[in-house]
Amino acid sequence: MPSVRVPWASWYAEGATHGHLDLECPPGWDVSVHHMRGGPDIGDQGIREALEAPTGSPRLRDLARGRRTAAVLVDDLSRPTPASRLLPPVLEELEAAGIAADGVTVIAAVAAHRAMTRGDFVRKIGADAVRRLRVCNHDAYDNLDFLGHSSRGVPVFVNRDFMACEVRVALGMITPRGGFFGGGAKLLIPGACGYPTIAANHRHVHDGFREHLDEVAAMAGLQFILNPLLSEELEVVAAVAGHPADAFRRGVERARDVYRTPLPRGPVDVVVCGAFPKDTELLQAPLALVPLHGHPELLRTDSSVVIASACPEGLGWHSVLGPGTQLAGRPSARPGTIVFSPGVNRFDVAAKFGERALHCATWDDVAAEVGRRHGPGPRVAVFPAGALQYTGE
């Protein structure tokens, strides 16, 4: 009986950043497992070396010299960015410039997601940082400065605490999103912007999406980023630092190699896509399908797509794109979609994916359904960490 071990439950495994789940496959299944290239962890010294040789920017300590306050954006638990490893060397750079810990504000750039709790901050930036620093949540509905309109007519509202600081830094990460890469200025917009900005950006900005993000970041005075690239086991494989646009572009060049994943010979009967490491909530689960973007040849009309997500936080929360919101639209999953998640129920699945999607709370239920649909010997392709895997050009 073939068994496939996949990473599971980012942020929520006991005593670790994540756990693993063994998917026991029935005899007769023809299973291929498709891993990203990844690489070894560069260690904390590798992160410091990225800060010492920034792209398109002076070193952070030089940018910050003579200033008294700094804002550092971090993402929330729906993203796997290991901010607890990134923040200490950033604080060292700021201290070398003369900005003490009392002058640093860490802002959770939650966009339209739920606010982070103290426990979330401990997971994200570490207990010591939570004790020593001012930490706060972005609020998309209040505490905002209006900066005017972008060249595309989008009203730009940005977190007031961020704008009040003299040095402005973002600690996101670079990941494939299916047709584009996240990272760079994306932590500012939508992460630290107001609801009108988030909604207008999602509704109206399609072509030139990245250029618009960079424009808004410049309007807000975002000066410096530190973005890692991660492996399936969440090691820091590479890191880029520096100017938000220039460092991001350099990071994407590395990302195409680090995240590159070979494809199966299509079509296959079943594709299993793990939402890890963005598997904290069901609203993020569609990111599991990133490896399928641009590859219709992998599926027949009767193929099954299994989205696997731990969802320890259940359905999740998103006030702009969540179920029932204006921009969410009517949920309608591809025919043959199975959502494997022990953390939600069928009503959650229907709210996010529509009534055509089948919810299975256990892997045994998934295996039984696959057998019913495709018989005893299906061809099955597994992408263990789909939300990180790149199958582009």
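Just so it is clear, none of the values below were taken in a lab; they were calculated from the coordinates. This one's a predicted model, so the numbers in the text were calculated from it and none came from an experiment. Quick reminder, even Gly has a Cβ in these numbers, built from the backbone with ideal geometry, and neighbours come from all protein chains shown.
The C-alpha atoms of the chain define a longest principal axis, and helix 363-374 lies at about 50 degrees to it. Net charge of the neighbourhood of L63, taken over other residues with C-beta under 13 Å away and scored Lys/Arg +1, Asp/Glu -1, is +2. How high is the relative contact order of the range 43-258, in percent, counting Cα pairs under 8 Å that sit 6 or more residues apart? Computed over the range 43-258, the figure is 25 percent.
Compared with the dominant Cα axis of the chain, that is its longest principal axis, helix 195-204 is turned about 50°.
Take each peptide in 70-76, 123-129, count the other Cβ atoms within 10 Å of every residue, and average; sorted highest first, the result is 70-76, 123-129. Put simply, the amide H of A170, placed in the peptide plane, has neighbours under 5 Å in L73, F224, I225, L226, leaving out anything fewer than 5 places away on its chain.
What's the local net charge at S309, with K and R +1, D and E -1, over the other residues with C-beta under 12 Å away? The answer is -2. Comparing mean-square fluctuations of P27, P312, P82 from a GNM of the chain with C-alpha springs under 10 Å, the top value falls on P27. Phi-derived couplings, Karplus 6.51 cos²θ - 1.76 cosθ + 1.60 at θ = phi - 60°, listed residue by residue for the range 15-32: x, 7, 6, 6, x, 9, 10, 9, 9, 7, 9, x, x, x, 5, 9, 9, 10 Hz, with x used for Gly and Pro.
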